[in-house]
Amino acid sequence: MQRDIGTLARHPLGAAEFSSLYLLQHGSGSGGAAGGGANGPWWSYSCHGGSSGASPGELELQAAGAAAAARDDERRARRQASNRESARRARARRRGQLDVLSSRVAELRAANARLAVELNRVAAARARAAREGARLREEARALRERLDTAEAQHAAAAREKETGDEEAGTPTETN
């Protein structure tokens, strides 16, 4: 019996049409033993037999099976064409996205190069400013030393002048 079911599944009419054929040959359930009937066992039917001994019902089923196969082939062909078109659109979309991303990469690389040049320019300017600041601090320290020295000399001269004036300007007492 399982071998018969496997035969049904592989039959060119398919399981649904084949079961309909069985019911046509054997009636709608009446007819005695399962698998047999007035026309013989169901497995003795051949859909490839052509017109030799085929009943009108069998010919109709063969024609219906052929029409169903043609519809299935047409559906399959439409589906394949639709899938090819969908794949073509998907490839075009991916190609467009890749082009956009490639141009974005080029823009970002150019911006990165510009920023690297700007960074080098700013770093060089900072280094020059740091050297100038160090030179100015050293110059300011040297000028403070000179100023402190000059102020010290001026203060010493002023003290000397004061002490000299006091000595010269004080009257001496005479008896």
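Readers should treat all values here as calculations from the given coordinates under stated rules, not as data from a laboratory. All figures in this text were calculated on a predicted structure; none of them were measured in a lab. Glycine also receives a Cβ, built like all others from the backbone with ideal geometry; neighbour counts cover every protein chain displayed.
Here are some notes:
- Counted charge near R91, where neighbours are those whose Cβ lies closer than 14 Å (Asp, Glu -1; Lys, Arg +1): +4
- Net length gained if the chain between R137 and R71 were fully extended (0.36 nm per residue, minus Cα distance): 14.2 nm
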